[in-house]
1. Check the stretch 452-463 and report whether any residue there is open to solvent by less than 40 Å² (accessible area, probe 1.4 Å), at pLDDT 85 or above and either within 42 Å of the chain's Cα centre (by Cα) or within 25 Å of residue 538 (Cβ to Cβ) (or both).
2. Just one of the numbered conditions (1) part of a helix (DSSP H, G or I); (2) open to solvent by 20 Å² or more (accessible area, probe 1.4 Å); (3) modelled with pLDDT of 90 or more is not true of residue 293; which one?
3. Out of all the residues in the stretch 126-148, is one or more in contact with a strand residue (DSSP E or B) (Cβ under 6 Å, 6 or more places away or on another chain), touching a residue at least 24 places away in the same chain (Cβ under 8 Å) and within 20 Å of residue 240 (Cα to Cα)?
4. For the stretch 418-451, what are the residues that are open to solvent by 50 Å² or more (accessible area, probe 1.4 Å) and in a strand (DSSP E or B)?
5. Considering the stretch 194-246 alone, what residues qualify as being more than 27 Å from residue 130 (Cβ to Cβ), part of a helix (DSSP H, G or I) and either touching a His at 6+ places or on another chain (Cβ under 7 Å) or open to solvent by 20 Å² or more (accessible area, probe 1.4 Å) (or both)?
6. Among the numbered criteria (1) assigned to a loop (DSSP other than H, G, I, E, B); (2) open to solvent by 20 Å² or more (accessible area, probe 1.4 Å); (3) in contact (Cβ under 8 Å) with a residue 12 or more places away in the chain, which single criterion is violated by residue 183?
7. From the set of residues in the stretch 91-118 that are touching a Leu at 6+ places or on another chain (Cβ under 8 Å), surrounded by fewer than 20 Cβ atoms within 10 Å (Cβ to Cβ) and hydrophobic (A, V, I, L, M, F, W, C), which is nearest to residue 184 (Cα to Cα)?
Amino acid sequence: MAERSTATSPSQPPAGGGRKGKAAAGKGEQPSQNSPEAPSEETSEQAPEDSAKEPPELHSGHRLSRRYRLEECITRLDGFSSWRAVDEKLRRAVGVHVLPADHERAGQVIKAARSAATMSDARFVQVLDAADDGELVYVIHEWLSDATPLGTVLASGPLEAHEAYTLVCQLAEGMSEAHRKDLAHLRLNPTSVLRTSAGQFRIRGLAVDAALRGITGDDARRVDTQAIGALLYASLTQRWPSPEGGYGLSGVAGLRGNSRDSLASPEQVRAGVHRGLSELAMRALINEGATAASHKPPCTSPEELLKAIGEMPRIRPPEPDPGLLAAYGHNGFQNGPAAAPGPAVTQPAGAAAPPALPGRTGKILKWGVSALLIAALGLSSWQIADALMKGDPAPKQPPVSQETTDPEDNEPQPTAAPVEVAAVHDFDPWGDGQDPDDVANVLDGDPETYWQTANYFGPSFGNLKEGVGLLLDLGESRSVSAVEVSALGGDHPMQLMIPSGGAGQAGGSGTLPSSLDQFTPIAEESGTSITLATDQPVDTRYLLVWLTDLPQGTDGNYRGRITEIRVTG
């Protein structure tokens, strides 16, 4: 497949930048299936000779500069080839790009490789050597045996929010540093970004990949930024942001209804996508329809993309599974089935016991402890025998006071009686509603169902409102002493409120309150299993369970989830 040109329309995001000059139509790469160096998009076809001079025949076992032994050919394309090799001097695996010295792009490749070698940033796969021996030009770079191309990672599913956030941060930071040194990539795609076993992302082929293929660009910053946006889009959706798709990923159909089709945002393509990351991907892709809808300017350089990332709330790693923590404990070792409650120190199977004290010191301590134990046993035996010989009477039991046997204390205490809730409504004075179709889930007795708020970018409702809640209608004025609330996803700070102006009068009114000013808080608590208890029972018809802050979910959004509410009188 020929290399794509730079695309600026929303439905045609960049696949590595535009090409000027001689194109390599019909020529492809020959990838190795399991290699982190293998591109996944181009097909195999033998390249013709680019010069009259016959280049040396390369094969496994061939040595370059009497040092680099070629092992496996990864790519053959447009007169050059890429190999996995061994640096016999340092005894390590390396990657090698090789092309004839009289190839039309040989000079550009050497120049690009020597410029890229000045980048010591750990986010890039390092160029180790570049040389021209008169017959061949070759570039030596790191070989990351523990790394996997992003395209291979995405074949099994999209990234979760924190990992996608890490990806876009590291790509934007790396390319910002490269552009400060007048270096561009122009070919960022799922085969040129690698994920290491430690979860870090590395960029390979800085400047060199584009030089090998003759790719140039008039606006390198914009091309690389669009490519980062496309990679973030693919990481969130497992789709390539173009109708025809690419790099082994399916395409995305446009949204209709405007004067022209526009690219669907990641959260429109896949449910549960982090809204902030979805918007960031669209701003980097410079999709006019999406950026106009969000009223935020597009990001035209990695620096602008970094600034936009900095304005987002940081996305934290997902919380560990409580079930795994209970099974394995905080030290990582599995607890036994009969483990006692509370923290326990467990020892892994096969671990050696602590060594005994060595030498003379250990022997003295052993004899000293033994002597003390014998003396203690002897003393206690003598005291028991002396007491028996004297015939001391058994100690008298203290008289039982009347207070401890007062029959009034044995009477069962009255239990709180449940109060039936006639109806429940979502309460959102500054918005259009909060999941009104699911409010009945808090009264169905099923802990698996819930009502939830909308997603926000911060715990304080994105600074858009003071809070949201659920308004309980008891049908008539009833005596209430407590409201029990069960929630999911972290601590839920909340208040219990009743209508102002006298609990009996306003609370018994048949008019449904609609403003927060109509309520007065009577209890406050935070947690996932909360009892909002009053000092004294109150008579009221309406109760407002009011969320004042939101916990953060594993996808980075902030939301509240309430599963059950129970009112007692």
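The values are calculated or read from the model by the stated rules, or taken from the named source; none is laboratory data. The structure displayed is predicted, hence computed values, not measured ones. Here Cβ is always computed from backbone atoms with ideal geometry, including for glycine, and neighbour counts include all displayed protein chains. All accessible areas refer to the heavy atoms of the entire protein, side chains included, with ligands and DNA or RNA removed. Shrake-Rupley method; radii C 1.70, N 1.55, O 1.52, S 1.80 Å.
1. Taking every residue of the stretch 452-463 in turn, at least one turns out to be open to solvent by less than 40 Å² (accessible area, probe 1.4 Å), at pLDDT 85 or above and either within 42 Å of the chain's Cα centre (by Cα) or within 25 Å of residue 538 (Cβ to Cβ) (or both).
2. (3)
3. So far as the stretch 126-148 goes, yes, one or more of its residues are in contact with a strand residue (DSSP E or B) (Cβ under 6 Å, 6 or more places away or on another chain), touching a residue at least 24 places away in the same chain (Cβ under 8 Å) and within 20 Å of residue 240 (Cα to Cα).
4. Passing the criteria: 418, 425.
5. Scanning the stretch 194-246 gives a single hit, 222.
6. Exception for residue 183: condition (2).
7. Once the filter is applied, the top-ranked residue is 117.
Residue-wise test of (1) open to solvent by 30 Å² or more (accessible area, probe 1.4 Å); (2) on the phi < 0 side of the Ramachandran plot; (3) out of contact with any His (no Cβ under 9 Å at 6 or more places or on another chain); (4) among the charged types (D, E, K, R).
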| site | (1), (2), (3), (4) |
| --- | --- |
| 511 | yes, yes, yes, no |
| 518 | yes, yes, yes, no |
| 523 | no, yes, yes, no |
| 526 | yes, yes, no, no |
| 535 | yes, yes, yes, yes |
| 539 | yes, yes, yes, yes |
| 542 | no, yes, yes, no |
| 549 | yes, yes, no, yes |
